[in-house]
Amino acid sequence: MDRFFVEKNNINLENNTCIIEGEDVKHISKVLRCKIGEELEVCDKDNNEYICEITNIDKNIVNLDILEKADIKRESNLKIRLYQGLPKGPKMEMILQKLTEVGVDEIVLVQTKRSVAKVDDKKEDKKFDRWERIIYEAAKQSKRGKLPKLRGVLSFKEALEEMKNNDMNICPYENERTVSIKKAIKNSDIKNIGIFVGPEGGFAEEEIEKIQEIGSKVVSLGPRILRTETASVVASSIVLYELSDLGGEE
């Protein structure tokens with residue numbers, strides 16, 4: 001069943017109705033070619049989802065009746081804030097898509113010493129619009145209960161200052177050989193965790209030293225060197241598998 005996100009004020013629980021607006025209307029009517037009477041999943045971006053039936057399709061709005069509230073837990077209790085050293089455009093798009101599918105709660109873009117990509121202020125809004133659309137489509141496909149937040153671009157110093165507020169932080173680093181993520185987070189009783197992943201060129205040695213100074217654990221992702229777009233997804237997946245719901249609940 002196709003899934004769509006709406007604002008909370010588009011859902012009327014007293015009358016058991018809701019409306020879908022914006023670009024999704026065209027997708028429903030022109031791409032999916034939905035008809036009156038067909039059912040859709042509607043989520044309020046706050047982990048509440050409903051099975052709805054289309055009652056009317058206009059040019060700018062789709063009206064639906066709420067048939068039932070779906071009792072499904074989609075979101076992890078562990079909140080992951082992924083700090084991503086700014087990579088080149090195509091890699092950024094893949095990172096956003098896959099982190100959304102895996103279940104990351106927040107993605108923070110950071111300008112590090114070896115970041116090749118630069119964000120032009122004049123083009124930043126357009127880039128973020130496209131990136132947020134990628135997150136939206138990935139959240140629909142993976143049936144997320146919330147849309148991951150996208151923030152940035154922070155300076156390296158700003159990122160470190162913010163990371164101090166997390167319950168725990170880890171940083172994958174290619175020169176670390178002994179401490180695995182599993183070992184670093186073993187028996188951790190935490191509600192949130194920060195993961196800091198470097199850009200294409202990795203972290204400079206002085207950056208790693210500063211990351212360690214705030215108490216972040218530098219960890220290994222194994223004997224092979226992973227690309228930044230792979231490292232972000234692998235690190236997040238390991239954490240969610242070890243401490244949360246990836247792989248299914250016991």
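For the reader, a short list of remarks on this structure follows.
- Candidates Glu106, Glu132, Glu101: the one that is in contact with a helix residue (DSSP H, G or I) (Cβ under 8 Å, 6 or more places away or on another chain), among the acidic types (Asp, Glu) and under 30 Å from Cys43 (Cα atoms) is Glu101.
- Out of Val104, Val42, Val62, sole residue that is touching a Phe, Trp or Tyr at 6+ places or on another chain (Cβ under 7 Å) and either within 30 Å of Met163 (Cβ to Cβ) or not assigned by TED's automatic domain parsing to the domain that holds Ile195 (or both): Val42
- Every residue from region 134-161 that is charged (D, E, K, R) and in a helix (DSSP H, G or I): Glu137, Lys140, Lys157, Glu158, Glu161
- When Gly202, Gly215 are checked against the criterion of being at pLDDT below 95, not hydroxyl-bearing (Ser, Thr, Tyr) and not in a helix (DSSP H, G or I), Gly202 stands alone in meeting it.
- Of the residues making up region 141-185, those that are buried (at least 20 other Cβ atoms within 10 Å of the Cβ) and polar (S, T, N, Q) are Asn166, Asn169.
- Any hit, region 112-129, residues being buried (at least 18 other Cβ atoms within 10 Å of the Cβ) and among the aromatic types (Phe, Trp, Tyr): no
- Every residue from region 73-104 that is over 20 Å from Arg227 (Cα atoms) and surrounded by fewer than 18 Cβ atoms within 10 Å (Cβ to Cβ): Lys73, Arg74, Glu75, Asn77
The values are calculated or read from the model by the stated rules, or taken from the named source; none is laboratory data. Note that the structure is a prediction, hence the values are computed from the model and not measured. Glycine gets a Cβ as well: all are built from the backbone with ideal geometry, and neighbour counts include every protein chain shown.
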